[in-house]
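The values are calculated or read from the model by the stated rules, or taken from the named source; none is laboratory data. Keep in mind that what you see is a predicted model, and the values were worked out from it rather than measured. Just so you know, the surface numbers come from the protein's heavy atoms only, side chains and all, with ligands and any DNA or RNA stripped out. Shrake-Rupley method; radii C 1.70, N 1.55, O 1.52, S 1.80 Å.
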Amino acid sequence: SAIGLITGICLFTSCTKKQDYGNTAVEKMSSGWWVLAYSSKNGPIVIPPPASWDTASNHIFFVTYNTSGDSSNAIWVDDLEGIGSPYDVKAVLDANLADYTMSSTGAPNEYDPNNSVTWASGKIFPKGGLSRTGVVTDSIFVQFLLANNPGDTLTIRGVARTGFDADEWPAQPYTTTP
């Protein structure tokens, strides 16, 4: 019957439909990163993790993601307030998808409006890094100059999060030990 044929077609097409969750304009530059932070004046920035974490790692979680306007030439960079004052940064930088670069000659810092980004430059290197266990992943290198730290360049460098437990820094970052 015609109803059976229509039902069969509907069932067939619903079974083969692919989910499209959508993409963002800067998807190829967006990620979560395990990074180290350095001050040109003070050297490595020591991050005191909770006692249950791997205190020797000094890695922080840093993220890059799309703006709400989903522009292909703008990207958020965000330390999730993991570095600590006066280096915490959350700002929108100019993005160049062709060469995986990001830059700014001035941008507001959402974590501290009085400590704006006066200059920033960085690059993502596709498959340019190795995770904690040696998995090939993307790497990131970004430098910032913040208004309240004249002459003190903040450097962020690290690798994309793989999602494997053994690659997490610090060990067990999302759980606490009972």
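Odds and ends about this structure:
- The candidates K90, K28, arranged from most to least accessible area with a 1.4 Å probe in the full protein assembly, appear as K28, K90.
- Cα centroid separation, segment 33-48 to segment 95-169 (Å): 12 Å
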